[in-house]
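Have a look at the structure below, then the notes.
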Amino acid sequence: MDKFVINGGRRLFGEVPISGAKNAAVAIIPATLLAKGKCRVDNIPEISDVRLMFKTLEYLGASVRLIHPGCYEIDTSSISTTEVPGMYAQKMRASYYFLGALLGRCGKASVAMPGGCDFGVRPIDQHQKSFEALGARVNLESGRISTDAKELKAGHIYFDVVTVGATMNAMLAAVTAEGQTVIENAAKEPHIVDLANFLNLMGADVRGAGTDTIKVRGVKEMHGCDYSIIPDQIEAGTYMVMAAAAGGDVTIKGVIPKHLESITAKLQECGATVEEFDDSVRVAAEGRLTKCNVKTMPHPGFPTDMQPQIAAMLASCEGTSIVSESIWDNRFRYIEQLLRMGAQIHVEGKAAIIEGVPYLKGAPVRADDLRAGAAMLIAGLTARGTTEIENIHLIERGYEHVVEKMTAIGADIRRVRYDEPAALGTSAV
Ligand code: EPU
């Protein structure tokens, strides 16, 4: 097993390139099933969630060929099964996209109940409702979700909650359904727009992605295409917070600054300088930053996937900050780890009240999930002394070359092999 060892207190300087968006890639990879041909997809991040998506596609009968790092040719012309076993599906949430994509392609799909980060209950009722609105039957039995339709027909879908996954799945299933499907109260995240752009290049007719009403006119045939995935909003935001928290001057390159506005606004409120350029943002900070309040909201609000990282920064900012979580029931488990580092935080329901301490102290901690792990990286950078982070495979689900990228901007981080069983508990996946 490996862990990360960080010696804190170093300021960060230089440039960090941002990889392709994980949450776009994990939808676009299954979406290639709709093409019945070859798609060449570039800017795919080299992370474990993507590797698992490729393995699942190959299990279904597709072939995946590396063209150059980050660029793959995916050939889905022959598919031998529409069933995704638990060994793939249970390791990640995004395996539910195989339901929408296979339903759209073959009229049926069966996927073992998806796993993923543990933030409390993660229902799939809105996914089910979308498929049923398109005329499919959905059956939840023996730990599997199965769906099938004689013929998919356009439908009207009104989501009870704003959901990224169900919005994407509704789009995947609707692109070949006869007639015009209307999806209301749709999620507006950048990866929704990216999936719509990819589907349209494959011959689909999807309009309105990025607004709360998406219209999908069904087409008979889809075809292969060349596509490049957008930069990862959350990876970029994580490096922005690292730079602000550790201090220094870092340019985060290859980003879409518009996607980062909610993060930029909070860092500026805390006293950091954030400058936007065409495809980069520069974050500079000097001395101790001050408190701010953060409430997570669907896009364009402050992303829940940045909540642990900003809380880790606020733990040593001056003053009392309140971080409220409005998407997930239980996304504060990482706070126990920050407390080990001397943070003063207490959780009341869906809010964390953070009394900023002058500095955190290095300690052995663990990554409870992907973004909780990113929060540990930030805490370790700002802490005095050495922080050792276990369960790093959870961080590597979503951050490409994290040690190399952090080292290049001056962080003192190493990946260290150790043989003892994790003393701090087991992983949440
Ligand atoms: N919800 C329902 N019913 C459903 C689906 C969702 O009630 O059928 C609720 C959820 O319980 C939650 C809210 O709707 O309260 C939003 O859930 P959503 O469906 O948007 O989440 P998701 O699709 O499962 C994706 C990201 C998560 C990110 C959320 C919110 C992927 C693979 N995952 O999850 O990303 O937190 O959207 O933005 O895209 C991460 O990258 O670390 C991560 C966890």
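The values are calculated or read from the model by the stated rules, or taken from the named source; none is laboratory data. Keep in mind it's a predicted model, so treat the numbers as computed, not measured. For neighbour counting, all protein chains shown are included, and Cβ atoms are generated from backbone atoms with ideal geometry for every residue, glycine included. SASA here: full protein model, heavy atoms, side chains in, ligands and nucleic acids out. Shrake-Rupley method; radii C 1.70, N 1.55, O 1.52, S 1.80 Å.
Results, tabulated for the structure shown:
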item	result
Among residues of region 9-57, those that are surrounded by fewer than 16 Cβ atoms within 10 Å (Cβ to Cβ), of a type outside the set (Gly, Ala, Ser) and out of contact with any strand residue (DSSP E or B) (no Cβ under 6 Å at 6 or more places or on another chain), counted	3
Tally, over region 246-279, of residues that are of a type outside the set (Val, Ile, Thr), open to solvent by less than 40 Å² (accessible area, probe 1.4 Å) and in contact (Cβ under 8 Å) with a residue 60 or more places away in the chain	5
Lone qualifier among Ile335, Ile392 - being within 20 Å of Ile310 (Cβ to Cβ), in the same structural domain as Cys317 (by TED's automatic domain parsing) and of a type outside the set (D, E, K, R)	Ile335
Condition check for Arg144: near the ligand (Cβ under 8 Å from one of its atoms), over 23 Å from Ile214 (Cα atoms) and basic (Lys, Arg)	no
Residue in region 117-141 that is farthest from the ligand (Cβ to nearest atom), counting only those that are more than 19 Å from Ser326 (Cα to Cα) and assigned to a loop (DSSP other than H, G, I, E, B)	Gly135
Residue pairs meeting the criteria (Cβ under 8 Å; at least 6 apart or on separate chains; first assigned to a loop (DSSP other than H, G, I, E, B) and open to solvent by 10 Å² or more (accessible area, probe 1.4 Å), in region 83-103; second more than 12 Å from the ligand (Cβ to nearest atom) and at pLDDT 95 or above)	Pro85/Tyr59
Val5 closer than 29 Å to Gly373 by Cα, in contact (Cβ under 8 Å) with a residue 12 or more places away in the chain, away from the ligand (no atom under 16 Å from the Cβ) and touching a helix residue (DSSP H, G or I) at 6+ places or on another chain (Cβ under 7 Å)	no
Some residue of region 415-429 being within 21 Å of Ala21 (Cα to Cα), modelled with pLDDT under 95 and open to solvent by 30 Å² or more (accessible area, probe 1.4 Å)	yes
Flag for Pro30 being within 15 Å of the ligand (Cβ to nearest atom) and outside any helix (DSSP H, G or I)	no
